[in-house]
Amino acid sequence: MTDPSSSSRELTARLQVFQATESWCARLFAGWIPGIPNWEAKHSLGLHLWQNLQIARDLRTRLWELRVSQPDRFEVADLLETVIRRLACAQHDTEFIAGAYLGLLRALCDAFRHYLKHAHATWDEPSLPLLERALAQHESQIEWAEAFLREEAATAEHQHLVKRWNQYASDLLSASGLFSESTGDLPDPPPAYECLLPFPEAKRDRRFKTQLHGFERPDPDDHDAHAIWQFLNYTMEMQAAETLASVLWEARDMPWEFHYDLGRHCYDECRHSRMGEERLNELGHQLAEFPQFTGNYAWRQLYDPLRRYGILTCVIEQDAFALKHESYKKYIQQDDTRSAEAILYDIIDETMHVRWGVKWLPELIKAQGEDITVDHVVEECRRAVAENSLNPTQRACRR
């Protein structure tokens, strides 16, 4: 792209690249969430991808104001996707975070600063506070990544890998010319590097023991045991976030609004997981005291994005309302308003998620080119849950 000037055409073209980069960056973060072992980092990526999609939404609004009716159609759209998919080829979590944050986000921040310096302060004034807010958001994300890498890439081996991959990301972005003049052909990743996405298993760090199966539900009248079980199960909703994240990365030919809704859904499941952990702490426990359950993520990955999404929204979430309402009433009776209100917020979120499932399942069917009804897909998903779920509560709901 040429250097920005006061030309509205050139500035608008840059805004299109910015909004698409924010959207693809969110999808890149999503694809790597299952492959990040560090528990806190998973939560951070869930938050960051949602923040980036909100920035993309604001940029899209600005583009519509600038009379861009199709913001996703622009000259370098294919090039941007190629760059993102090459950045996805990191082989380690530390490499990925270095390339995505210290490479891609830093380059995007530099492009924002360049735009802010050259845009006309009056003519293009509505764009400026938007980019200033986005710049501050990304600077905070980069600070997080730097702190993560200081902790997780402390060995000489990790530092070598991070340095090499960060250099590759820098060379890739410079050659692409997405944010400045191109410096040449796109470089290939280091030898033997290939894309690991989608991850077949959800990784957990060494603080946790893992097990495939979920936990049996205790008697609801046993308040302490049931509350521990319930909020431990909420922490396991990280599996739902990871499944949704994999769909966000893999789903092709879907409207931008799908990615936005799915990003919010993924972030919500991270919030629910964190809610469970916080409530466990209030009940006197630490999450690492309990095994982490990862089996449901693994079997759901055997299905395509359409059915993976249907399994979560139209079966698992849809069928969970009865148990959640029962638990809510029981906690009210037991004068545990803290637990009751946490579940109420979850019910509100899950209601929205089920509605999104109804909205987007037909579009996913079209995108995958299948000649099949929604009802047929939902029935397939119900059978899949009944045959494969490793969560005793989900199997009970199906019965």
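The values are calculated or read from the model by the stated rules, or taken from the named source; none is laboratory data. A quick note: this is a predicted structure, and the numbers were derived from the prediction, not measured. Here the Cβ is made from the backbone with ideal geometry for all residues, glycine too, and neighbour counts use every protein chain on show.
Taking the options GLU146, GLU139, name whichever one is in the same structural domain as ASN52 (by TED's automatic domain parsing), over 13 Å from GLY99 (Cα atoms) and surrounded by fewer than 20 Cβ atoms within 10 Å (Cβ to Cβ). Spell out how you get there, then give the answer.
Details: GLU146 fails: over 13 Å from GLY99 (Cα atoms).
Only one candidate passes the filter, namely GLU139.
Criterion applied to ARG217, ARG252 was being in contact (Cβ under 8 Å) with a residue 60 or more places away in the chain, part of a loop (DSSP other than H, G, I, E, B), within 30 Å of SER327 (Cα to Cα) and not hydroxyl-bearing (Ser, Thr, Tyr), and the one residue passing it is ARG217.
Of all the numbered requirements in (1) touching a Ser or Thr at 6+ places or on another chain (Cβ under 9 Å); (2) surrounded by fewer than 18 Cβ atoms within 10 Å (Cβ to Cβ), THR61 misses one, and that requirement is (1). Checking each residue in segment 204-214 for being assigned to a loop (DSSP other than H, G, I, E, B) and closer than 11 Å to PHE293 by Cα picks out ARG204, PHE208, LYS209, LEU212, HIS213, GLY214.
Restricting attention to segment 210-233, the residues that are within 21 Å of LYS42 (Cα to Cα), at pLDDT 95 or above and either surrounded by fewer than 12 Cβ atoms within 10 Å (Cβ to Cβ) or touching a Phe, Trp or Tyr at 6+ places or on another chain (Cβ under 8 Å) (or both) total 2.
Scanning segment 343-361 for residues that are farther than 19 Å from MET254 by Cα and either in contact with a His (Cβ under 9 Å, 6 or more places away or on another chain) or not assigned by TED's automatic domain parsing to the domain that holds PRO220 (or both) returns ILE343, TYR345, ASP346, ILE347, ASP349, GLU350, MET352. Screening segment 43-127 for helices (runs of 4 or more DSSP H) wholly inside it with 3 or more residues that are within 16 Å of LEU11 (Cβ to Cβ) and hydroxyl-bearing (Ser, Thr, Tyr) returns no ranges. Identify all residues within segment 326-381 that are touching a Cys at 6+ places or on another chain (Cβ under 6 Å) and among the aliphatic types (A, V, I, L, M); write none if there are none. The answer is VAL378, and nothing else.
One residue is enough: does segment 337-348 have a residue meeting the conditions farther than 24 Å from HIS43 by Cα and surrounded by fewer than 21 Cβ atoms within 10 Å (Cβ to Cβ)? Break it down into steps so the answer makes sense when it comes.
Applying the first criterion (farther than 24 Å from HIS43 by Cα) to segment 337-348 yields 337.
The next check asks that each one be surrounded by fewer than 21 Cβ atoms within 10 Å (Cβ to Cβ); those that pass are 337.
Looking for residues that are farther than 24 Å from HIS43 by Cα and surrounded by fewer than 21 Cβ atoms within 10 Å (Cβ to Cβ), one finds at least one in segment 337-348, hence yes.
Condition check for GLY369 on (1) on the phi > 0 side of the Ramachandran plot; (2) modelled with pLDDT under 95: one failure, at (2). Against the list (1) under 26 Å from GLN301 (Cα atoms); (2) in contact with an Asp or Glu (Cβ under 6 Å, 6 or more places away or on another chain); (3) buried (at least 21 other Cβ atoms within 10 Å of the Cβ), the condition PRO37 fails is (3). Taking THR122, is it at pLDDT below 95 and among the β-branched types (Val, Ile, Thr)? For THR122, the condition - at pLDDT below 95 and among the β-branched types (Val, Ile, Thr) - is met.
Would you point out which residue out of GLN230, GLN239 is outside any loop (DSSP other than H, G, I, E, B), in contact with a strand residue (DSSP E or B) (Cβ under 8 Å, 6 or more places away or on another chain) and among the polar types (S, T, N, Q)? Walk me through how you get there before you give the answer.
Values: GLN230 fails: in contact with a strand residue (DSSP E or B) (Cβ under 8 Å, 6 or more places away or on another chain).
Matching residue, one of GLN230, GLN239: GLN239.
When the residues of segment 81-130 are filtered to those that are acidic (Asp, Glu) and either in contact (Cβ under 8 Å) with a residue 60 or more places away in the chain or touching a His at 6+ places or on another chain (Cβ under 8 Å) (or both), the one that is farthest from GLU194 (Cα to Cα) is ASP124. Scanning segment 283-306 for residues that are farther than 11 Å from LEU232 by Cα and in contact with a strand residue (DSSP E or B) (Cβ under 9 Å, 6 or more places away or on another chain) turns up THR294, GLY295.
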